[in-house]
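Since the structure comes first, as structure tokens, the remarks are kept for the end.
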Amino acid sequence: MSKPSNNLTQLPRLLTIMQQLRDPQTGCPWDIEQTFASIVPHTIEETYEVADAILHGDMYDIKDELGDLLFQVVFYAQLAKEQGEFEFDDIAQAISDKLVRRHPHVFDKQSQMSQESLALQWDAIKQQELKNKGQEADDSALANIPKGLTPLLRANKLQKKCAKVGFDWPELPPVVDKVHEEIEEVLAEVNANEVNQGAVEEEIGDLLFAVVNLARHAKVNPEMALIKANNKFEKRFRQVEKLLEEQGQDVTKASLEQMEAAWIKIKSC
């Protein structure tokens, strides 16, 4: 394990490296041509790679992927600096100020508050921030939900916001019933005499939304649940490929029955 640094010497170094990469004369051609918009997909990808490293529990990989994610922030800061808008220090100051502002129960030494009171305080502070920026406050219960979230996370956010104002089932059974209802509606569209693909898509969307609601009521993050399900499926299918290979079969030529038999054997191990 590396010894922790007693100072922040590496941050100025990283900022300097980023500046050199963007130098119009001697920098990297790929880095030079990037814009705010062009690196957004890379930022999203790096975020998921951090999550994947955490799921695998490898601290070296977590450190490495967090470095890649930090580089994204440094990249945006350099782009903004070149445009005369802001620098990395401004980003750090903004988040520091925001954290202090949004946690008066910590930094103003307020009395102990319940989780419910903290949530209400948080929303009130965010609304005041919008007013201070001169932006019209959105009074909807669904205010301030980022459009850029993944569909699963956004569905979860929408449902949580509605739950805050009481638009939510208080118990699990009706949530489960809704999932079954949506499955039946999907099947009705799929089995119709004349299949309307748009209607099928809409009903599957409703089903996915209902499953997110089920996950929320079960206190499960749907995004993380699906990430883990994807990883589990990938691991098992690779084992199926290996098992078939050991049996002298090529997965691309194996029958569905042979693959299913291998799948069941892998699951039982």
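The values are calculated or read from the model by the stated rules, or taken from the named source; none is laboratory data. If you're wondering where the values come from, they're calculated on a predicted model, not measured in any experiment. Heads up, the Cβs are rebuilt from the backbone with ideal geometry, glycines too, and the neighbour counts pull from every protein chain shown. Ligands, DNA and RNA are excluded from the accessible area calculation, which covers all protein heavy atoms including side chains. Shrake-Rupley method; radii C 1.70, N 1.55, O 1.52, S 1.80 Å.
With every protein chain left in place, what is the accessible area of Ile54 in Å² (1.4 Å probe, nearest 10)?
Ignoring ligands and nucleic acids, Ile54 comes out at about 100 Å².
Label points 7 Å out from Cα along the Cβ direction at Ser96 and Gln197: separation in nm?
According to this spin-label approximation, the distance is 5.5 nm.
Under a Cβ-only charge scheme (Lys and Arg +1, Asp and Glu -1), can you give me the dipole magnitude of the chain about the Cα centre, in debye to the nearest 20? Before the final figure, lay out each step's value.
On the way: 30 positive and 46 negative charges, 250 e Å.
For the chain, the charge dipole is close to 1200 debye.
Pick from Gln159, Gln93, Gln258: which is most flexible by mean-square fluctuation in a GNM of the chain where alpha carbon atoms under 10 Å apart are linked?
Fluctuation is largest for Gln258.
With only alpha-carbon atoms in the gyration tensor, what are the semi-axes of the equivalent ellipsoid for the range 151-218, in Å, largest first?
Working: eigenvalues 127, 34, 13 Å².
Those come to 25, 13, 8 Å.
Of all the stretches in the chain, which is the longest one without any exposed loop site, taking GluC sites (Glu not before Pro) in a DSSP loop (any state but H, G, I, E, B) with at most 13 other Cβ atoms within 10 Å?
Numbers: sites that count: Glu33, Glu85, Glu136, Glu171, Glu194.
Here the longest segment lacking exposed loop sites spans 195-269.
Compute the projected area of the convex hull of the Cα atoms of the range 208-259, averaged over all viewing directions, and report it in nm² to one decimal place. Kindly include the intermediate steps, with their values, before the conclusion.
Values: hull surface 18.9 nm².
For the range 208-259, averaging the hull's shadow over all directions gives 4.7 nm².
State the extension gain, in nm to one decimal, for the chain segment bounded by Glu85 and Leu187, taking 0.36 nm per residue of separation less the distance between their alpha-carbons. Could you put the intermediate results ahead of the total?
On the way: separation 102, 0.36 × 102 = 36.72 nm, distance 5.33 nm.
Here the segment from Glu85 to Leu187 would lengthen by 31.4 nm.
Put a dot 7 Å past each Cα toward the Cβ at Ala261 and Asp31; how far apart are the dots in nm?
The answer from the label model is 5.6 nm.
Could you estimate the translational diffusion coefficient of the range 1-98 from the Stokes-Einstein equation, with Rh from the Kirkwood formula over C-alpha pairs, at 4 °C and 1.567 mPa s, in whole µm²/s?
Working: Rh = 14.9 Å.
Value of D from the Cα-based Kirkwood radius: 87 µm²/s.
Rounded to the nearest 500, what is the chain's calculated 222 nm mean residue ellipticity when only DSSP H runs of at least 4 contribute -39500 (n - 2.57) each, over all residues?
Details: 12 runs with 185 residues, N = 269.
Result for the chain, helices only: -22500 deg cm²/dmol.
For a 27 Å ceiling on Cα separation, which of these pairs sit above it: Lys98/Lys160; Lys81/Lys157; Lys81/Lys228; Lys147/Lys219?
Beyond 27 Å between Cα atoms: Lys81/Lys157; Lys81/Lys228.
Over the chain, what number does the Rg to Rh ratio reach, with both radii from the alpha-carbon atoms and Rh per Kirkwood? Could the numbers behind the result be given before it?
Numbers: Rg = 24.8 Å, Rh = 23.9 Å.
In the chain, Rg relative to Rh is 1.04.
So, in Å, what gap is there between the alpha-carbon centers of the range 208-258 and the range 14-41?
So the separation of the two Cα centres works out to 38 Å.
If you roll a 1.4 Å probe over the heavy atoms of the protein chains, what accessible area per residue do you get for the chain, in Å²?
Values: 19370 Å² over 269 residues.
Accessible area per residue, the chain: 72 Å².
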